[in-house]
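Student: Got a structure for you, written out below as structure tokens; questions coming shortly.
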Amino acid sequence: MTSKTRLLSIFLVSGFFLFLDRLLKYLSLHDWSTIHLVNRFLGWQPSLNAGLAFSLPMPAMITVVLTIPIIIVIIYLFFKNLHHFPLNFSLLMIALGALSNLFDRVVYRHTVDYFLVLTAILNIADVMITAGFILYLIGKKEQTDCYSE
């Protein structure tokens, strides 16, 4: 697979998750605003989260101001690792997830969460950020292991 094909594929996959997150956020605010639980630990539970991850309290403006330079660093790392597919994918997932939540904070002053999983209410952007970070750590470890052999 060529570099251009790989880049296109990670943009398509990451873009799909971003689109799905934005769609579900819209639906949770407008059409699907009622709670539907499979059980007490899993289901659809729309919620506005004024805090950071795990609902840690933080004013929206401070979160916005801190998020912007973080996204800039992630974009820089993306272009620095342009030919390393796993790192590109992980960084793009983090950046797009952060951008989706940043949009919510600017427009709604909260992030829009909708999935209840155990005791947390989260959204696909949160999953993108978390999965991207885990994939980034794995990619960096593999990159380091390649250089040490």
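Student: What is the diffusion coefficient of the range 76-115 in µm²/s, taking the Kirkwood radius over Cα pairs and the Stokes-Einstein relation at 20 °C with a viscosity of 1.002 mPa s?
Tutor: 190 µm²/s
Student: Can you classify the range 74-149 as rounded, prolate or oblate using the Cα gyration tensor, where a ≥ b ≥ c are the square roots of its eigenvalues, rounded means a/c under 1.5, and otherwise it's prolate if a/b beats b/c and oblate if not?
Tutor: Oblate.
Student: With contacts defined as alpha carbon pairs under 8 Å and 6 or more residues apart, what's the relative contact order of the chain in percent?
Tutor: Relative contact order, the chain: 30 percent.
Student: Whole Å is fine, so just give me how far the alpha carbon centre of the range 87-140 lies from that of the range 26-81.
Tutor: The range 87-140 and the range 26-81 have Cα centres separated by 7 Å.
Student: With a 1.4 Å probe and every protein chain kept in, tell me what percent of the accessible surface of the range 20-100 is carbon plus sulfur.
Tutor: Its accessible area is 75 percent carbon and sulfur atoms.
Student: Once label points are set 7 Å from the Cα along Cα→Cβ at both residue 73 and residue 137, what is their separation, rounded to one decimal in nm?
Tutor: About 1.6 nm, to one decimal.
Student: What translational diffusion coefficient, to the nearest whole µm²/s, does the chain have by Stokes-Einstein, given a Kirkwood radius computed over alpha-carbon pairs, a temperature of 20 °C and 1.002 mPa s viscosity?
Tutor: 131 µm²/s
Student: Let me ask something else. Given a 1.4 angstrom probe, what's the average accessible area per residue across the range 36-145, in square angstrom?
Tutor: Ligands and nucleic acids excluded, the figure is 57 Å² per residue.
Student: A further question follows. Dipole size in debye (nearest 20) for the chain around its Cα centre, Lys and Arg Cβ +1, Asp and Glu Cβ -1?
Tutor: So the dipole magnitude of the chain works out to roughly 180 debye.
The values are calculated or read from the model by the stated rules, or taken from the named source; none is laboratory data. Being a predicted model, the structure only gives us computed values, none of them experimental. Positions of Cβ are backbone-derived with ideal geometry, glycine not excepted, and every protein chain shown enters the neighbour counts. Keep in mind that these areas ignore ligands, DNA and RNA; they rest on the heavy atoms of the full protein, side chains included. Shrake-Rupley method; radii C 1.70, N 1.55, O 1.52, S 1.80 Å.
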